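Have a look at the structure below, then the notes.
The values are calculated or read from the model by the stated rules, or taken from the named source; none is laboratory data. Here the structure is a predicted model, which means the values were calculated and not measured. Positions of Cβ are backbone-derived with ideal geometry, glycine not excepted, and every protein chain shown enters the neighbour counts. Side chains included, ligands, DNA and RNA excluded: accessible areas come from the protein's heavy atoms. Shrake-Rupley method; radii C 1.70, N 1.55, O 1.52, S 1.80 Å.
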Amino acid sequence: LSDGKSERIQEALLEVKAAQTDCDALVVFWDNASTHKALQTWGWERRIFFVLIPVYSPDLNPIEKVWKSVKRWVNQSHFVKQLDELTTYFEAGFNRVKDQLSFADGWWEQYQGKLSWYSPIFDSSTLP
C-alpha cells in the first residue's frame with residue numbers, strides 16, 4: 001500500500017479494536033486482495049486477525065447478511081426523499097440488527113465447511 005493508505009487503515013483498525021473494551025482481539029473478514037494481505041503480519045502482532053475470503057464471495061462475508069437485513073427493513077418501512085433521511089434510517093436499521101448473534105451463528109453453520117481451508121499463517125504460540 002502506498003500514499004499513506006496503509007497507515008490510515010492501520011489507524012482505523014486500532015481505533016475499532018480500542019473501542020471493543022470487552023474483547024482481547026479483533027477479527028476482520030476481508031477478501032484476498034493484495035492490499036489486505038499486506039497487513040497480516042502487522043495485525044497479528046496487535047491481535048488483529050484477518051480471515052481472508054475468496055475475492056467476489058460476498059456470501060462468505062458475514063456482514064453481507066446484516067446489510068441485506070438493514071436494506072430490507074429500510075425499503076419496507078420508509079419512503080426516503082433525501083440522503084440525510086437515508087443515513088438516519090440506515091443507522092436505525094443497523095442498530096436494530098447489529099447485536100443479533102443469530103447472524104453469526106447462522107453464517108457459521110452455513111459456511112464452516114467452506115472455510116475449512118482457512119488457517120492463520122502464523123503459529124498461535126507466537127502471540128504477544
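Report, to the nearest whole %, how much of the accessible area of the stretch 40-90 belongs to carbon and sulfur atoms, 1.4 Å probe, protein only.
Values: 1900 of 3330 Å².
Reported share for carbon and sulfur atoms: 57 percent.
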- Query: Using the beta-carbon distance between R96 and Q10 and R0 = 25 Å, what value does 1/(1 + (r/R0)^6) give for FRET efficiency, to the nearest 0.05?
  - Reply: 0.20
- Tell me which residues come under 5 Å, amide H to amide H, from F49 once H is placed; ignore anything under 5 positions away on its chain. L26, V27, V28
